[in-house]
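Accompanying notes for the structure given below.
Computed from the coordinates by the stated procedures, all read-outs in this text should not be read as laboratory data. Owing to the predicted nature of the structure, the values given are computational and were not obtained by experimental measurement. Counting neighbours? That spans all protein chains shown, and the Cβs are built from the backbone with ideal geometry, glycine included.
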Amino acid sequence: MQFANGRIVTPDGILDRGSVEVCDGVIASVSHSISSDDSKGDFIDLENDFLLPGFVDVQVNGGGGLLFNDDPGAETAVGIANAHRAFGTTSLLPTLISDDLDKVEQAVRAIDEAVGRNMPGIAGIHIEGPFLNVEKKGIHDERKLRKLSNEAIGILTSARHAQVVVTLAPECVQPEQITRLAESGVKVCVGHTNATFDETRGALAAGVSGFTHLFNAMTAMHSRGPGVIPAALESSAFCGVIVDGKHVHPAMLRLALRAKSDRRLMLVTDAMPVVGTDMDHFHLNGRRIGIRDGACRSEDGTLAGSALSMIEAVKNAMAMLDLGIEEASGMASRTPSSFLGVEDRIGSITPGRRADLVRVSPTFDIRQVWIGGVEYQA
């Protein structure tokens, strides 16, 4: 398969009128030249469209009318992945919002099996809670919150194929518990927390590698009590941000980008079931969540995830953060793949990487999507 006559977004910038060769689902070459060898298979004329690496979303609660918490199995995860693929996401982590341990165990087992079977679009699982601070619970059900126990650690470290990400409040766990998780291969993120600056620094030293929806559901910055956010921005950890104009003011995001750079700040959607549908509401733990002005809110006004797709997040990052397509799309592909430790396999248009590709128009509308060189309906 050969893609040609497009604007190829590579880690080194945009390759105008470039070409990409794909062999057996893997990127074989990226260059200015176009082969005339007909034996190379399908020829795709990009007609000056952009070719981007497939998007990687590490926080997806739902999509296509499905909420992962409602039925945390492989079938639900695939349905969610199918819905988000239409918006350029080729790898995602189905995300379980705070729930009982038996539900957590069910989810981890199902996604571990799905990844082991190479189900397209599923890269791992994100367990957001229930080890959170009740004072920063947001939309999470207070009745589900709990301490991090040895039983819970056993569940979180049980996966053999899937990457597990867990969001927790560091002030509610012991540093040695964070270390135990991290040393077992779990990516530990800070979120829904009232931690101090020093507590956050201690958690980073213990093994934290990320921050979940930076700015949201965490201590605000103060001149004499910096809290979580400056600790995050000073560190080498990855920070997820929801760029929908609802969760965080663009000025704060621009400041974070200056401190962190696009190589450590990654776009997440925190998407809910409404993405890819015309739904005007859904239910979470028995609470009605309505869609108001493009935001998901409970009846008391609490934000409950988002109605954001990843291509919208990329376009918002360009508009709100004054970024070019290469930087904005990198925050949706290269950076999250680096966070997950799979940048040698996905996340960039580079020889040797899986051919997860997104074709977008000059106005950044999705036209075609491929996973491992196989085209999926966009």
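Which residue, His126, His213, His281, tops the fluctuation ranking in a GNM of the chain built on C-alpha contacts under 10 Å?
His281
From the backbone phi of the range 163-175, what are the Karplus-calculated ³J(HN,Hα) couplings (6.51 cos²θ - 1.76 cosθ + 1.60, θ = phi - 60°) in whole Hz, Gly and Pro given as x?
6, 9, 10, 10, 9, 9, 9, x, 6, 9, 10, 9, x
If you take Cα extents along the principal axes in Å from the coordinates, which of (1) 62, 43, 42; (2) 54, 44, 43; (3) 174, 55, 33 do you get?
It is the one labelled (1).
So what are the ³J(HN,Hα) numbers for the range 348-360, from phi and the Karplus equation (6.51, -1.76, 1.60; θ = phi - 60°), rounded to whole Hz, Gly and Pro as x?
For the range 348-360, the Karplus-derived couplings read 7, 8, 9, x, x, 8, 4, 7, 8, 9, 10, 9, 10 Hz, x marking Gly and Pro.
Could you tally the net charge around Phe364, taking each other residue with its Cβ under 13 Å from the Cβ of Phe364, Lys/Arg +1 and Asp/Glu -1? Mind dumping the intermediate values first?
Working: positive: Arg7, Lys315, Arg359, Arg367; negative: Asp49, Glu312, Glu326, Asp365.
Charge balance in the 13 Å sphere: 0.
Within 10 Å of each candidate Cβ there may be at most 14 other Cβ atoms; applying that plus a DSSP loop requirement, which GluC sites (Glu not before Pro) in the range 1-88 survive? Provide the component values of the computation, followed by the final result.
Values: sites: Glu21, Glu47, Glu75; in loops: Glu47.
Those that pass, being in a loop and sparsely packed, are Glu47.
Only bridges with both residues in the chain count here: give the DSSP antiparallel percent, nearest 5.
Values: 35 of 67 bridges.
In the chain, DSSP labels about 50 percent of beta bridges as antiparallel.
For the chain, set up a Gaussian network in which alpha carbons nearer than 10 Å are linked by springs, and say which option among Leu51, Leu96, Leu148 fluctuates the most.
Largest GNM mean-square fluctuation: Leu148.
List every residue whose amide H lies under 5 Å from the amide H of Cys296, counting only residues 5 or more places away in sequence or on a different chain, with H placed 1.01 Å from N in the peptide plane.
Excluding prolines and chain starts, which carry no amide H, the hits are Ala304, Ala307.
Just subtract the alpha-carbon distance of Asn5 and Ser261 from 0.36 nm times their residue separation and send over the number in nm, one decimal. All intermediate terms of the calculation are to be shown ahead of the outcome.
Details: separation 256, 0.36 × 256 = 92.16 nm, distance 3.05 nm.
Separation in residues times 0.36 nm, less the Cα-Cα distance, equals 89.1 nm.
Please turn the phi angles of the range 134-148 into ³J(HN,Hα) values with the Karplus equation 6.51 cos²θ - 1.76 cosθ + 1.60 (θ = phi - 60°), one per residue in order, whole Hz, x for glycine and proline.
4, 5, 10, 5, x, 7, 5, 6, 4, 5, 8, 5, 7, 6, 7
Connecting C-alpha atoms closer than 10 Å in a GNM of the chain, tell me which of Phe43, Phe215, Phe197 has the biggest fluctuation.
Comparing Phe43, Phe215, Phe197 in the GNM, the peak value goes to Phe43.
Under a 5 Å amide H to amide H cut-off, with H placed in plane at 1.01 Å, what residues pair with Val60 once short-range neighbours are removed?
Leu93, Thr95
Quick one: longest stretch of the chain between exposed loop trypsin sites (Lys or Arg not before Pro), exposed meaning at most 16 other C-beta atoms within 10 Å and loop per DSSP?
Values: sites that count: Arg117, Arg146, Lys147, Arg160, Arg224, Arg263, Arg345.
The longest such stretch corresponds to 1-116.
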